[in-house]
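Visitor: Got a structure for you, questions after.
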Amino acid sequence: MNKLNVVLFLCNWGPHAAFQTLQDQKAPIPEEIRMVRVPCSGRVTRALILKCFEMGADGVLIAGCESGSCRYGTGNSAALTRIDHMRRVLHLLGVGSDRLRWGGFLPDDAPGMMAFLEGFCHDLRRLGKTPIVPPAPAEERPVTEAAVASLLKRHDIYACQDCGKCSSACPLTLTGKPFSPRGLATHLMTGAVNAPEVLNDLWGCITCGLCDDRCPSGVHFPDFIRDLRILHRSGNGPGPEAHGGFFQSLMRTMTSPSLHPNRWEDAADSLEVDPQSPVLFFGGCAPYFDTYFTRFRDVHTEAILHDAIRLLNFFDIRPRVLAEERCCGHDLLWSGDRENFVKLAQLNADSFHAAGIEEIITACPECYHTLTHHYAELGIALPCRVTHLFELADREIAKGAIGFKALGRKATFQDPCRLSRLGKKADLPRKLIGRLALKGFDEMTDRGASALCCGNCAWTGCDRYTKALQLKRLRQAKETGSDLLITACPKCQIHLRCAMEDPFHGNDLAMDMMDLTSLLAKTIQWE
């Protein structure tokens, strides 16, 4: 049996004194233990816990102060909350919640510390190694002028007319951020491939595609940024990832073939699914989002998936769901990790093929864009067609005899970048909104192909400027006089709800939010 690896995060105060006593006594501390001393157990983030498992840990222990003795007052409660969240994530991943454990200790409790360590290692030996395969060390490839020149040529960046329309349309530039697509292109064309300005702009871009929409030369800047990130990541390492890189780590763990996630175990019993159906509903990352962002205002993105299946059931479609569904990999690719994206994509394609899937239906615009575009671009062949739920709903509703219950709300709509702009389907959700029995519908100032992004993509570049963009978007929504903001992307909900937590402006900008999928499912009826 391979040796097990256990990471012990040890609070600097009471627990460390107890552990040090064991060391002074030359106690037989289990050989699996690798101790990491931290200022407080409350400083151990969810991203740090997940990173341990990604890099090969078979178990993680967090030793904090005994209840009521935390030097910082709330360290214990913060740690326990995060551990609850992470046990849930580990269970969903198929790693097992029993591989993460907490203990509270006073300085003189060396016997309790020893029992804690021995008990966990005993239980872990029964569980064995995790199914996660640690990623191989990436081959470092320096970012050279020749490599960047090849990218510039491939994406036709030399066609830039230096007109400035991209910068004048960029929502980040308009918030005051020193960022310019044109400036980035100019720096690269003059050979400054590793300049600080280049790195700042590279990872600051939200890849919303507004510059692409306005460029008279047809330069597709988001794809260029994506490939440039892949190049720079191979030479300079990952960029600034939001939330400590939690979601990138999450997706990298899913590249382990032996992992068996428990993806759909919380699906409501009322949902009608067929385990033999050739039509698959692909959900995405919503259960992980809800677990991570549970502290935000009413984040329940998994409910969107359940409502999507209810809508399919209304159309007499009983889709299949894969219990071991993995993420599509969107955030890995757009944060520069092409190697692990390809691994994850291939596992997904193989599972679709093994299940005999003929059609994939998804309600997530990022999943839809990734499955329909990026898999094929990187040589991952899917054995089926991919349909966005809105396309199917529009087709079925057009057959007639379908209406919607009256909803006494005035609404406005937040466009998802991957569907409305990059996918060029801005009219599709509006056709469905037009069928709803709303009290009124009014568009925001920036809408459709010109809509403002929710402020972030692929969990990179989150800063005060993206927060300013979110606040600006909420102000536009409020200016319509609407009392309901309709969304069509789980990340739009998360980011805009995050902005509503702003201590200075949040209460003025708070408004009800509902995904279009849920709105359709809750009001549709036969006439």
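The values are calculated or read from the model by the stated rules, or taken from the named source; none is laboratory data. Since we're looking at a predicted model, the values are computed, not measured. Virtual Cβ from ideal backbone geometry, glycine too; neighbours counted across all protein chains shown. The area values use the complete protein model at the heavy-atom level, side chains included, leaving out ligands, DNA and RNA. Shrake-Rupley method; radii C 1.70, N 1.55, O 1.52, S 1.80 Å.
Visitor: Note down the magnitude of the dipole of the chain about its Cα centre, charges +1 on Lys and Arg C-beta and -1 on Asp and Glu C-beta and zero elsewhere, to the nearest 20 debye.
Guide: Working: 60 positive and 61 negative charges, 133 e Å.
About 640 debye.
Visitor: Under a point-charge model restricted to the Cβ atoms of Lys and Arg (+1) and Asp and Glu (-1), what is the dipole moment magnitude of region 266-322 relative to its Cα centre, in debye to the nearest 20?
Guide: Charge dipole of region 266-322: 160 debye, to the nearest 20.
Visitor: Here is a follow-up. Could you grab the relative contact order for region 253-327? Cα pairs under 8 Å, six or more apart, rounded to a whole percent. Present the calculation step by step, with values, prior to reporting the outcome.
Guide: Details: 80 pairs, mean separation 40.4, N = 75.
Reported as a whole number, the value is 54 percent.
Visitor: Relative contact order of region 13-80: what whole-number percent is it, with Cα pairs under 8 angstrom and at least 6 residues apart?
Guide: 42 percent
Visitor: May I pose another question? Sorted by average packing, counted as other Cβ atoms within 10 angstrom per residue and highest first, what order do 455-462, 359-366, 23-30, 444-451 take?
Guide: By packing density, highest mean first, the sequence is 359-366, 455-462, 444-451, 23-30.
Visitor: Out of residues 5 or more away from F105 or on other chains, whose amide H comes under 5 Å of its own, with H placed 1.01 Å from N in the peptide plane?
Guide: Amide H neighbours of F105, under 5 Å, 5+ apart: G64, C65, E66.
Visitor: Separation between the D98 and T45 pseudo-spin-labels, each 7 Å from Cα along Cα→Cβ, expressed in nm?
Guide: Rounded to a tenth, the inter-label distance reads 3.1 nm.
Visitor: Counting alpha carbon pairs within less than 8 Å and at least 6 residues apart, what relative contact order, in whole percent, applies to the chain? Mind dumping the intermediate values first?
Guide: Details: 918 pairs, mean separation 71.7, N = 527.
Result for the chain is 14 percent.
Visitor: Going by average Cβ neighbours within 10 Å, how do the peptides 471-478, 499-506, 44-51, 238-245 rank, with the highest at the top?
Guide: Peptide ranking by packing, descending: 44-51, 471-478, 238-245, 499-506.
Visitor: Pop the C-beta distance of A381 and A323 into the FRET formula with R0 = 30 Å and round what comes out to the nearest 0.05. Numbers along the way, then the final one.
Guide: Numbers: r = 24 Å, r/R0 = 0.79.
The value I calculate is 0.80.
Visitor: With each run of n ≥ 4 DSSP H residues scored as -39500 (n - 2.57), what mean residue ellipticity at 222 nm is computed for the chain after dividing by its residue count and rounding to the nearest 500 deg cm²/dmol?
Guide: Values: 23 runs with 226 residues, N = 527.
The helix contribution divided over the chain gives -12500 deg cm²/dmol.
Visitor: Determine ³J(HN,Hα), in whole Hz, for all residues of region 328-333 in sequence, where each value follows from phi through the Karplus function 6.51 cos²θ - 1.76 cosθ + 1.60 and θ = phi - 60°; x replaces Gly and Pro.
Guide: Once θ is set to phi - 60°, the couplings for region 328-333 become 6, x, 3, 6, 5, 5 Hz.
Visitor: Quote the accessible area belonging to W13 in square angstrom, nearest 10, computed with a 1.4 Å probe and with ligands, DNA and RNA left uncounted.
Guide: 90 Å²
Visitor: How many percent of DSSP beta bridges within the chain run antiparallel, rounded to 5? Show your work: numbers first, answer last.
Guide: Numbers: 5 of 42 bridges.
Within the chain, antiparallel bridges account for around 10 percent of the total.
Visitor: Let me ask something else about it. Under a point spin-label approximation (7 Å from Cα along Cα-to-Cβ), what is the Q161-M511 distance to one decimal in nm?
Guide: Going by the 7 Å Cα→Cβ label model, 3.6 nm.
Visitor: I've got another one for you. Tell me the label-point distance for the pair E479, E31, using the 7 Å Cα-to-Cβ offset, in nm and rounded to one decimal.
Guide: Modelled inter-label distance: 6.8 nm.
Visitor: Can you list residues from other chains, or at least 5 along the same chain, whose modelled amide H is less than 5 Å from the amide H of I361?
Guide: Residues meeting the criterion, in which the H sits 1.01 Å from N, are L280, F281, F282, T387.
Visitor: Can you send over the carbon and sulfur percentage of the accessible area for region 11-157, probe radius 1.4 Å, protein chains only?
Guide: 52 percent
Visitor: Hey, another quick one. Per residue of region 375-383, in order, report the coupling 6.51 cos²θ - 1.76 cosθ + 1.60 (Karplus, θ = phi - 60°) as ³J(HN,Hα) in whole Hz, putting x for Gly and Pro.
Guide: With coefficients 6.51, -1.76 and 1.60, one gets 4, 5, 4, 9, x, 9, 8, 8, x Hz.
Visitor: I've got another one for you. Once the Cα atoms of helix 75-93 and of the chain are each reduced to a long axis, what angle between those two axes, in degrees from 0 to 90 to the nearest 10, is obtained?
Guide: 70 degrees
Visitor: In the structure displayed, which of K51/K424; K51/K153; K129/K491; K51/K491 lie more than 30 Å apart, Cα to Cα?
Guide: Over 30 Å Cα-Cα: K51/K424; K51/K153; K129/K491.
Visitor: How far, in degrees from 0 to 90, does helix 338-354 lean away from the longest principal axis of the Cα atoms of the chain, to the nearest 10?
Guide: The angle comes out near 80 degrees.
Visitor: Let me ask something else. How many angstrom lie between the C-alpha centres of region 164-203 and region 320-341?
Guide: 28 Å
Visitor: Enter the accessible area per residue of the chain (Å², integer; probe 1.4 Å; all protein chains in place).
Guide: The answer is 40 Å² per residue.
Visitor: Using the Karplus curve 6.51 cos²θ - 1.76 cosθ + 1.60 with θ = phi - 60°, what ³J(HN,Hα) values do you get for each residue of region 263-273, in whole Hz, with x for Gly and Pro?
Guide: 5, 10, 5, 8, 4, 4, 5, 6, 6, 9, 10
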